[in-house]
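Participant: Here it is, the structure in full.
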């Protein structure tokens with residue numbers, strides 16, 4: 001079974017960033033080939049709507065057959081609010097909490113992001129997973145794209 005990988009906007013946008021381009025482009029090429037399933041939420045799509053055309057073209061290059069689309073719903077909103085109530089993340093970072101919640105509820109294999117402050121952060125990952133476990137959800141894997149790619153190369 002193909003690995004289902006949730007991406008936030010930083011991964012797609014990273015294709016056009018010198019620091020992150022190598023790994024973002026490699027991951028997007030994996031989605032294009034169908035090595036993995038690209039899991040996208042309506043939040044990610046909304047965030048990318050304002051991105052430069054070159055970034056939007058990267059996303060558009062992934063065949064629809066290799067994409068799983070998710071929507072924020074009452075369950076994911078409630079879980080995101082629980083992360084905030086538990087002090088894992090500030091209320092001003094609601095969208096980041098919602099990304100985690102959507103990926104958790106959908107039980108993706110891994111969420112990838114370049115957001116090291118609010119998402120790919122060990123203290124926060126422990127906090128997200130603590131809330132998840134208390135609420136009956138599985139733990140969620142959260143990694144930077146390079147970690148997912150290195151895992152596939154070994």
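Participant: Please state, to two decimals, what the Cα-based radius of gyration of region 3-153 comes to when divided by 2.2 N^0.38 Å (N = residues). Show your work: numbers first, answer last.
Facilitator: Working: Rg = 14.5 Å, N = 151, 2.2 N^0.38 = 14.8 Å.
Dividing the Cα radius of gyration by 2.2 N^0.38 Å gives 0.98.
Participant: Shifting gears a bit: In region 3-153, what % of DSSP beta bridges are antiparallel (nearest 5)?
Facilitator: Roughly 0 percent of the beta bridges in region 3-153 run antiparallel, per DSSP.
Participant: Using only helices, what value at 222 nm comes out for the chain when you add -39,500 (n - 2.57) per DSSP H run of length 4 or more and divide by the total residues, to the nearest 500 deg cm²/dmol?
Facilitator: Working: 8 runs with 80 residues, N = 154.
So the calculated ellipticity at 222 nm is -15000 deg cm²/dmol.
Participant: Ranked by Cβ crowding within 10 angstrom, fewest neighbours first, how are 36, 116, 31 ordered? Spell out each step's value before the answer.
Facilitator: Numbers: 36 20, 116 12, 31 24.
Taking fewest neighbouring Cβ atoms as first place, the list is 116, 36, 31.
No value in this document is a laboratory result; all are computed from the given coordinates. Note that this is a predicted model, so its numbers are computed, not measured. Quick reminder, even Gly has a Cβ in these numbers, built from the backbone with ideal geometry, and neighbours come from all protein chains shown.
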